[in-house]
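Below: one structure, written as structure tokens.
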């Protein structure tokens, strides 16, 4: 049974409402918020951003246009996109605390830990840090979207001792990220494919990290705090990290024995990462695009081993468990073929999802109510206190 508050979505405190006899584990099927940002039709396998089907956006709309759509409510005209692009360019500048501490953070923290720290530090130097006003939130959203790919690239350069290439004003966010991560200007098609990846990952309704961001924002905390909450949630292996585990699995398999290895793992009760979804009952629509891009990149690379292995894995899991690949499965090989280090796959997710996270914070602040669900007490009752010497 769905559990909603009287205002149509947010589970706020203090308002009587219908409560299930037993709480739903993991809040499955509980409506936790009303949103105009994204929607999923799990039975049909469809995803929408502000009413636009992801199949219409992917490959046609840039990540910058998608971020504008999510954060500012519409697909931009050329003039508005130019203005938004200029705002993103101005927002790339990192604060003094971030600049000072990146080397030590890179030395002592793993990628997602580092991003959690760096985004928090970035908040200290944001000129709008003390305001949750609508215009201030729009400016912070643009800065966070512009800074996240640079934070990932700067972290990677610091830990490897590489010299970071300067931002190329002619390249998109996607193109500049590949430039700074790989150290070479990307081919046009590679940049287009990565741009599509960013569009596909930009938002996905009330996933764990987005919910964490909204819970934090609902207390009227600031946007940077809400994003730190989201990153900390994405860091958990049950939310982020699946794409990295998919790649680790592929690297650990003998290409000549993929099918049998997968069958053996399934028979042993092991989970094959990158398959199944809590919402989609058919193929994840994002996986449809990522599969095609993985095949294209594999052919262009001259070594399609990992793509062929992925296809074989997909066929076995579908036949044995009737599970379809989700967004993480083919994202792994796409990122691999693009030259992105495997342990940066989840940080890449944050580069894209920053557009959605910040849009959700804006939406939460605009029509806020404290998110405070009930709980079911299952502990002891009627306990009697005794002095410490009598216990």
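Any read-out appearing in this document is the output of simple, stated calculations on the displayed coordinates, not a laboratory observation. The structure presented is a predicted model; accordingly, all values stated were derived computationally and were not measured. FYI the Cβ positions are ideal-geometry reconstructions off the backbone, even for glycines, and counts take in every protein chain you see.
Quick notes on this structure:
- Each principal axis of the Cα atoms in the stretch 130-272 has its own extent, and those three values, largest first, are 57, 40, 28 angstrom.
- Scoring 30-42, 71-83 by mean Cβ neighbours within 10 Å over their residues and listing the highest first yields 30-42, 71-83.
- Rg over Rh [alpha-carbon atoms, Kirkwood Rh] for the chain: 0.99
- Fewest-first ranking of 357, 385, using other Cβ atoms within 10 Å as the exposure measure: 385, 357
- Within a Gaussian network of the chain (alpha carbon springs, distance under 10 Å), most fluctuating of 307, 330, 377: 377
- Ranked by how many other Cβ atoms sit within 10 Å of their own Cβ, fewest first, the residues 121, 198, 266 fall in the order 266, 121, 198.
- Alpha-carbon centroid distance for the pair the stretch 231-282 / the stretch 57-92, whole angstrom: 34 Å
- Taking a ≥ b ≥ c as the square roots of the eigenvalues of the Cα gyration tensor, an a/c ratio of 1.5 or more together with a/b no larger than b/c marks the stretch 102-196 as oblate.
- Anisotropy class of the stretch 242-337 from Cα gyration tensor, a/c 1.5 cut: oblate
- Residues 310, 172 arranged by fewest to most Cβ contacts within 10 Å: 172, 310
- Every helix of 4 or more DSSP H residues in the chain counts as -39500 (n - 2.57), and over all residues that averages to -17500 deg cm²/dmol at 222 nm.
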